[in-house]
Structures are given as structure tokens and as C-alpha cells.
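The values are calculated or read from the model by the stated rules, or taken from the named source; none is laboratory data. Quick caveat, the model's predicted, so the values are computed rather than measured. Note that each Cβ is placed from the backbone with ideal geometry, even for glycine, and that neighbours are counted across all protein chains shown.
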Amino acid sequence: MRLHSMTLTACIAMATAFPALAVAPGATAPDFTIADTAGKPVKLADYRGKFVVLEWTNPECPFVRKHYTSNNMQGLQKEWGAKDVVWLTINSTNASHSEYKSADEMASWMRAQGAAPRAALIDGTSATARTYGAKTTPHMFVVDPAGKLLYAGAIDDRRSSNPADAKVANNYVRAALTEATAGKPVTVASTAPYGCSLKY
Amino acid sequence: MGQRPTVMIRPRRPLQVRAFRAFVAAAALALASGVFAAPVATEHVEAELVAARTALVPGEPVTVALRLSMQKGWHTYWQNPGDSGLPTTLEWKLPTGVAAGPIEWPAPHVLPVGPLVNYGYEGEVLHLVELTPQRTLTAGETIVLRARADWLVCKELCIPEGVDLELALPVDKASMADPRWGAPIAAARAALPRPLTGWQASAEGRGQTIEMKLVPPDGATDPGALQFFSRTEARIEPSGPQTLRRDGASYVLTLPVSFNLTGDFGRLAGVLAAANGFSPGARTATIDVALTGTVSAGAKPALAAAPQLNLASPPAGDGLSLLLAMAFAFVGGIVLNLMPCVFPVLSLKVLGFATHGDSKATLHKEAFAFAAGVVLTFVALGLVLAALRTAGEQLGWGFQLQSPAVVTVLAVLFFVLALNLSGVFEFGQLAPSGVAGFTAKNRSIDAFASGVLAVVIASPCTAPFMGAALGYALAGSTAVMLVVFVALGIGMAAPYVTLALLPGWRHRLPRSGPWLLRFKQLLAFPLYATVIWLAWVLGAQRDNDAVVRLLLALLCLGFALWTWRIVRTGGARPWGIAGAAALAGALALAWPLLGTDADATASAAPGQRLTTADPEWLPYTPARMADLAASGRPVFVDFTAAWCVTCQVNKRLVLNTPDVRLAFAQKNVVLVRADWTRRDPDITRALAALGRNGVPVYVLYRPGRGPILLPEILQQQTVQEALASL
């Protein structure tokens, strides 16, 4: 029966291929080295001592577009970049996928959006996404100066693709950074992310 | 004063008015008969509100449904969409007197998206809603139910869509089952997950997993494989393994807790699907039990590294010795005669046998002159190639056709030949009589020139065997290369020479007569076809404008040649002037096409035109291959070029057929196209690494194992066998 074979295939595939991952708040954020759009390798460990935001993105996803058309993401990048938070935008769309963007294409898209991350990284093998268990675009992670994960999950609480929702939503990333930079514990450390599936 | 007589004519109602009235009447009839609704179609989904019954009866609940019909391959989501996605929402705008309940969701299906899992529906799905018409409604009125339906429909791409829907239902004292939707809605309702009867379910948290225990009633059959769908997000990890085991008479399903567990997890609620069903007619069931024990976030991953692709090439030449390479080249040369590029010209040579009632000696001289032309041209081409390579250029066999200038010249050449065969002009008329006479007498030179011509036009058609032989030749020293090329030349000339040397057969050919003229004119058509193909190649290398330029230049040239014949046979002077003007025009039009190949790098990858036409094939770049090597998927690379006829034939007959495409999709193969229409040093290097120097080359890279090189002439069976080995 269809359910049987699909379930079986799904179970086997998932068990072997993808980690239902334990990269949860409180754990150490796994290190990675990925090339940015200029070809320079960027290593997470280099930013020890600063707050780091990891933003998984895919320009083709309507949920990513929601945050970029409304200038929500760019606003966050500029707001926290000014406070010396290292914002890394990562595109882990697999090279074998039709939505894959080369370094040049990603760079020109970021420019056109007026985005201002510290760096835009191309993870064409999807390896780093696998390590972090990134499921959707956007999927946000906040790392503290000691290298520990402070927040993992959705960008805000309005689970839609409507750009108008971005302004009125409760932004989890802003909340986590505001609390952490003030020395307070992060109240919402983990939420279920929403968005398009990450294109492994 | 004369006045025009006025005639009163009673105007007939105009057509439009009559049509409108008819339409209104029909609509009223439709309304009066009851249900009136129309499906709304978006790009990938057709949405409709449908009702189970034909009328609303005050006080009696009636089931309506949001029907979503998705295009093949696209899906929408359940109330817990899984790892990503958004559930479908329905917002009612109801008049007073009607209340709507929540969506009663059909059982979802597991929709894997790469390593992630979504819960949702494909094909057609009915989201049931129970409406309760109040007793305050009066019979006779019509209620229009309005709703806004929003959903996310995804295949690889995700598109949020939403439509406004309406359904008009009359209010009546009694109603009947809707003829169209009554039965499907009833079936959907029967298939809704229901609480288990007879079975006992319980759930115990064990840290990072939950054990759901199911105790069957007596006589229950084996439910088969079980799949649990949590109704709330971030409780059970959608892509995690759900393992089933027997515990005496009970079944225990171990569920992985979500790694981003949020909120209180006090109850385990959702839908449980059984492959064999829990009882006849109940394939799914709802589960809502208290969760005992303790749970914590995260589940243990079992991350197995995806098997890497071995991008290392098979050993170049594959143990080809010089002798074997020569043998391959020889056979390849013979087969080259049958290739569509070469065949028309060579058939003309055979034609030559019949036109000249020559002595054996002359014929032999001609044959050897032809062979000499062929061999020496191959050698010359090889030397040019070697010289350019030592000068640092990344070139391979067929390099001459990567240049638009060469393609233009060839097109002009073929056109002129075709015009000659069609009878528009004779070669003898072109040159002053002295030269013409020389050519006519010294047919050896003519034969030599034919040999040169044959090689020039043969280069696009890589015959089988030639690929490996050429690879060996161009990888070796210059002497080795020359020897192999000579063998190739001899092979190509061999059939013609054999025919010339064989006694007797040409005497059986009828003497030249009207049949010969007609045959000659017939042979012009394959040559025109070759011109069309070359124009297509030029289009692939440059753009549409270049093709139009070429065609206009050919037109002017044709006109010029035609007027030349008139002038030569004593026509008036103005014809000559017109002809000269046309010739000048042709030159002016064609000149930019003969321009430098600076555009090879300047223009934005014109060869990619071939790839963008077919989005399933990704363009080849070394960076992409490196990334793909780690993806764990098999990769099929098609090294091709617009000017390579064998490549196009293979594409039409094998690669683009539905069977082969299906086989690729089933084996999850990534399709990569390396387009060599224009010079591309990366692709030339890749070919060299595979021990090849020309196209087509077909490679299947397999994860964890060595790559397979497929033969140059593809067959469906060859591809299927290679895929079966994955």
C-alpha cells in the first residue's frame, strides 16, 4: 500500500540521512567554515567573543521574501550590526537543486535588497544546515559570545507569508538579543521555525 | 424641395440584448434549481466550496467542504504541516442564521522533501465543515455562503495562494443529497480518523522518545506499519524514525520527541495511520491520551555521511595501444562516411562515377587524389590543433566548429554547392574559361579538393570509436597523433577508393540522361538541410539576429550567382550590376559574422541557451561538480554541443524520451549539461581528464563507486543498464 511503502522509505531515509538534531539552546553552536560570496572562508570560531546571528535564507522562498520586501530583515541586520552583533546570512540550498544560487547571484540579490549582514555564505553541500538541523527558510539561531546557542527557531510569531505581518509580529530574534545584550536570560529560547523547507 | 421619403422601420432587438436576456434567463433557472457555485482556479490549485445536500434545512446540520485539487506533484498542508509549510485556513463570512464549525481534517500523508518531512495532501482533498442553519431561516430564501481560503501549495517551490469562494444554497423544508458531491463527501466523512474502538492506547515519555502502547482487542488483525502524526507542531520530530515492535500481544510505537520542543507536553494527540487498518474501513484513528513519564527536547541523530561521488576520472585511454587506436580510427573513419554531415557530399562523388565515362586509369587517379585530400586535411587539422594547444589554448576535436566564423563559412560553402546541384549556376561559368578548362581537365585536383571539403564538413559528426582514438591521439606526441590521424583519413577515404577500384559495377549504371539531372537536383536538398542546421548552430552560438544576417547573406549570394549565369550567357549589363551589388550586399551582411571570437568570452554564455531551454539540466561548472560530489546523489553529465549532430540525435532519441527521464527521476539522478558550443576551457579540461577531446561524452558518476562512461551512440537500453547499476 502506498502509505506503507512511503512510510518505510521515509523512516529509512530519515534515520540514515538527516539528524533530528540536538542543536538546542544551551548547547555549543557547532563550528563551521563556509566561503562567502567573495570566496573568502568564514569561520564561526573567529567570532568568539561577539554575539552571532545565523540567518538561513533562500531568495526563492515567499517567507524569506516576506521579511525582505517589508525591510524587516534588513532592518534587523542594520540595527544589530550597529551594536557589533555578527550577522551571517547562509544559503544552504544544495547545488543539485534548481533554486541554487551561485556566489555572484547571491551577492547581487543581497545588494538589490539592501541587505547588510556581516557576510553572506554559500553552503552548496548543505553540510552546515545538516549540522544545525536547519529545516526552513528562514530559520534563525542566536549564539552568545561564549559560543553557546541562545535561541533557535522562527524569526517571529506571525506564521504567514504576508509582508504586513512582519511589522506587527513579536520578533523572537530581537527579543533574544535585547535580553542577552542586557545580561538577562533569554525567555523564549526555542520555537518551531516556519517557512519553506530548506532545499537539501 | 425634395425630401427623402422617411420610412418607419421597427427596429429588431439587437443581437447583444437578446443574448443578454437569454443569459439572465438561464442564470435564473440555474439559481432556481438550487446550488450555484463555480470553482476558482489558481496556477496550481482548483478550489471550490461544495455541499453534501441540495438545500439548507433550518435546524439540520449540513456538511460542506472546501475542495482543493492540486496539480500533479504539488501538495498542501495538514493542520500540523510538519517540518515546514503552512496549514490551509478557511475564514467564513456567513450571513446571520448560519454557523460554521471547524475544519474536520482528512488523515494526512507523509510527504518527504529531501531529508525533511511534511504532513499534507496531494491530488484532491475535501476539508469538511459542518454548517448549522438556525431555525430562524425561512424557506424560499437563498443563502450565499462566503469564505476566504488561504493555503500554501508547494512542489519544490512554495507559493502562498488564497481565493474568495462562494456557495449559494436555497433554504427549504427538505433537502436531497447533492447528485455530484453527496457521495464523495459522505465517503470523505467515513474516512475521517475516529477514536479507536476496542483498542487501548497509552503513551509514556522516556526522555527523548515516547512509547505509545497499543493493546488490540481479541481477534484484531495485524495493523501493519504504523505512522503517527502529531496534531500540534514541535512535539514529535516529523522526520525522525518511528519504530514499531511487538510486546506480547501489544504493539509499541517509539516516537522521537521534537528537538525544538516548546510548551507543555501533557497529552499526546494526533492521528495514527495503519497500513492494514485497525478494523475494516478504519485505516486511521485519532489518538488523544495523557502523556505519563518525562520528556525532554532532542532526539539522538544517526547521521551517516552521505556516500561521496567519485569524481576521479577513469584511466585515460583505458589501455589503448597505438595499434588499437589506429584500428579504432580506421573503423571510425569508415563509419564517418555514413554520418549525415558527410553522406550528401560523398554520394555526389559516387555520382561522379556515372557522369564521367572515364577510363580506369583516370578513375584510379581521381580516387587516390581524393584519398590524399582526405588524409592530408586530417593531418593538417591535427597539426593546427597541436600547434594551438602548445600555444596554450584549451581546444579539443571539433574546435573549428566552436567558431561562428567557421560555421558561417561552412554555411556559405554548402549553400553554394547546393545551388550548383540545383542548377542555378555551373562552376565552369564562375571562372574565366582558362581556369575552368584547367579544372575540368585536371580532375585529380578537383578530387583532391573534394577530399578536403569532405573532412572539413565531417568534423561535427563524431563517429563511434573515434572518441577514444582521438583522445589517445591528442594526448600522445605529435608523431603518434599524426599516425592516428592518417589512419582516420585512410578509413574515411576507404569506401570511395574501394568503389573506384572495384571493376564492373559502374557499367551497370545507366548512361547519363535526364535521370542524372534529376538525381543531382534531388541531392541538393540534403545540402540545403545542412545549411539550415548550420544556421541553427550559429543561432545557438550567437543569437537570432546572426541567423537572419546569414540567411539574408545567402539570399544575396544566391541572387548574385544567378545573375552571373545570365551575364555569362550574354545577358544585358544591368543584370551584372545587380549581381555585383547583391554580392557586395552578401559580403556586408556576412562580415560581422566572420568577426573575432572575442564574443566567446564577452557574451553571457550563449551556450547556456541550450541548457536554459530545459531547466532539468543544470549547467556545468567545476564548482558545482565539487558541491555535487558531496550531495550523495548520482550525477549524469552530458557533454554536448549544438554543432554535434550525434549529440542532437542522442538527445532526441534517448535522453529526452519519457522512459529515460523517468528512470533518471526514479534514481534521483542530478542531470548536468556541459555545453561546448562555444569555447569553454573548463569543459575542455574536464573532457581531457576523461581521456576525451570531442563530444558527445556521457558520464554517470555513482556515489561511493567509480564513474561509468557511456558509448557515443546512445541507446535507451545502455542508459537503463547504467542506471540499474546504481
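Summary of computed values
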read-out	value
Residue list for the stretch B:222-250, restricted to those being more than 9 Å from every other protein chain (Cβ to nearest Cβ), surrounded by 21 or more Cβ atoms within 10 Å (Cβ to Cβ) and either among the hydrophobic types (A, V, I, L, M, F, W, C) or in a strand (DSSP E or B) (or both)	B:Phe229, B:Ser230, B:Ile236
Within the stretch B:109-152, strands (runs of 3 or more DSSP E) holding 1 or more residues that are under 16 Å from B:Ala51 (Cα atoms) and more than 14 Å from every other protein chain (Cβ to nearest Cβ)	B:124-133
B:Ala449 vs. criteria within 14 Å of B:Ile334 (Cα to Cα) and at pLDDT 75 or above	no
Qualifying residue in the stretch B:662-670 (condition: more than 16 Å from the chain's Cα centre (by Cα), assigned to a strand (DSSP E or B) and within 14 Å of another protein chain (Cβ to nearest Cβ))	no
Among residues of the stretch B:585-638, those that are part of a helix (DSSP H, G or I), within 30 Å of B:Leu552 (Cα to Cα) and at pLDDT 50 or above, counted	10
Only listed residue being more than 24 Å from B:Pro115 (Cβ to Cβ), within 11 Å of another protein chain (Cβ to nearest Cβ) and either modelled with pLDDT under 95 or out of contact with any His (no Cβ under 6 Å at 6 or more places or on another chain) (or both), chosen from A:Gly26, A:Gly75	A:Gly26
Every residue from the stretch B:345-388 that is part of a helix (DSSP H, G or I), modelled with pLDDT under 70 and either exposed (fewer than 14 other Cβ atoms within 10 Å of the Cβ) or small (Gly, Ala, Ser) (or both)	B:Gly352, B:Ala354, B:Thr355
Hits in the stretch A:53-68 - residues which are over 18 Å from A:Ala103 (Cβ atoms), within 12 Å of another protein chain (Cβ to nearest Cβ) and touching a helix residue (DSSP H, G or I) at 6+ places or on another chain (Cβ under 6 Å)	A:Lys66
Positions within the stretch A:176-200 being more than 9 Å from chain B (Cβ to nearest Cβ), touching a residue at least 40 places away in the same chain (Cβ under 8 Å) and surrounded by 22 or more Cβ atoms within 10 Å (Cβ to Cβ), in sequence order	A:Leu177
Residue count for the stretch B:698-721, restricted to those that are crowded, with 16+ Cβ neighbours inside 10 Å and either hydroxyl-bearing (Ser, Thr, Tyr) or at pLDDT 90 or above (or both)	5
Any chance A:Ala166 is within 8 Å of chain B (Cβ to nearest Cβ), hydrophobic (A, V, I, L, M, F, W, C) and touching a strand residue (DSSP E or B) at 6+ places or on another chain (Cβ under 8 Å)	no
Count of the stretch B:256-297 residues which are in contact (Cβ under 8 Å) with a residue 40 or more places away in the chain, within 14 Å of another protein chain (Cβ to nearest Cβ) and at positive phi	1
Hits in the stretch B:508-533 - residues which are at pLDDT below 85 and hydrophobic (A, V, I, L, M, F, W, C)	B:Leu509, B:Trp515, B:Leu516, B:Leu517, B:Phe519, B:Leu522, B:Leu523, B:Ala524, B:Phe525, B:Leu527, B:Ala529, B:Trp533
Tally, over the stretch A:112-140, of residues that are out of contact with any Cys (no Cβ under 9 Å at 6 or more places or on another chain), more than 17 Å from A:Tyr47 (Cβ to Cβ) and assigned to a loop (DSSP other than H, G, I, E, B)	8
Qualifying positions in the stretch A:21-59 - of a type in the set (Lys, Arg) and either crowded, with 17+ Cβ neighbours inside 10 Å or outside any loop (DSSP other than H, G, I, E, B) (or both)	A:Lys43
Tally, over the stretch B:481-507, of residues that are under 44 Å from the mean Cα position of the chain (by Cα) and modelled with pLDDT under 75	0
Every pair of residues 6+ apart whose Cβ atoms lie under 6 Å, when the first sits in the stretch A:133-160 and is closer than 19 Å to A:Phe63 by Cβ and facing chain B (nearest Cβ under 9 Å) while the second is of a type in the set (Lys, Arg) and surrounded by 24 or more Cβ atoms within 10 Å (Cβ to Cβ)	none
Options A:Leu44, A:Leu88; residue that is away from chain B (no Cβ under 14 Å), under 26 Å from B:Thr262 (Cβ atoms) and without any contact (Cβ under 8 Å) to a residue 60 or more places away in the chain	A:Leu88
Residues within the stretch B:96-108 that are more than 11 Å from chain A (Cβ to nearest Cβ) and either assigned to a strand (DSSP E or B) or within 30 Å of A:His97 (Cα to Cα) (or both), tallied	7
Residues satisfying the stated conditions in the stretch B:627-649, i.e. within 14 Å of chain A (Cβ to nearest Cβ) and touching a residue at least 40 places away in the same chain (Cβ under 8 Å)	B:Leu628, B:Ala629, B:Ala630, B:Ser631, B:Gly632, B:Arg633, B:Pro634, B:Val635, B:Phe636, B:Val637
Residue identified as in contact with a Ser or Thr (Cβ under 8 Å, 6 or more places away or on another chain) and either crowded, with 22+ Cβ neighbours inside 10 Å or on the phi > 0 side of the Ramachandran plot (or both) among A:Lys135, A:Lys83	A:Lys135
Evaluation of B:Pro301 against (1) within 14 Å of chain A (Cβ to nearest Cβ); (2) modelled with pLDDT under 90; (3) surrounded by fewer than 17 Cβ atoms within 10 Å (Cβ to Cβ) (one fails), failing number	(3)
Complete set of residues in the stretch B:639-661 that are out of contact with any Asp or Glu (no Cβ under 7 Å at 6 or more places or on another chain) and part of a strand (DSSP E or B)	B:Phe639
Condition check for B:Gly97: under 21 Å from B:Glu237 (Cα atoms), in contact with a Leu (Cβ under 7 Å, 6 or more places away or on another chain) and in contact (Cβ under 8 Å) with a residue 12 or more places away in the chain	no
Yes/no for A:Glu99 being outside any helix (DSSP H, G or I), surrounded by fewer than 23 Cβ atoms within 10 Å (Cβ to Cβ) and of a type outside the set (A, V, I, L, M, F, W, C)	yes
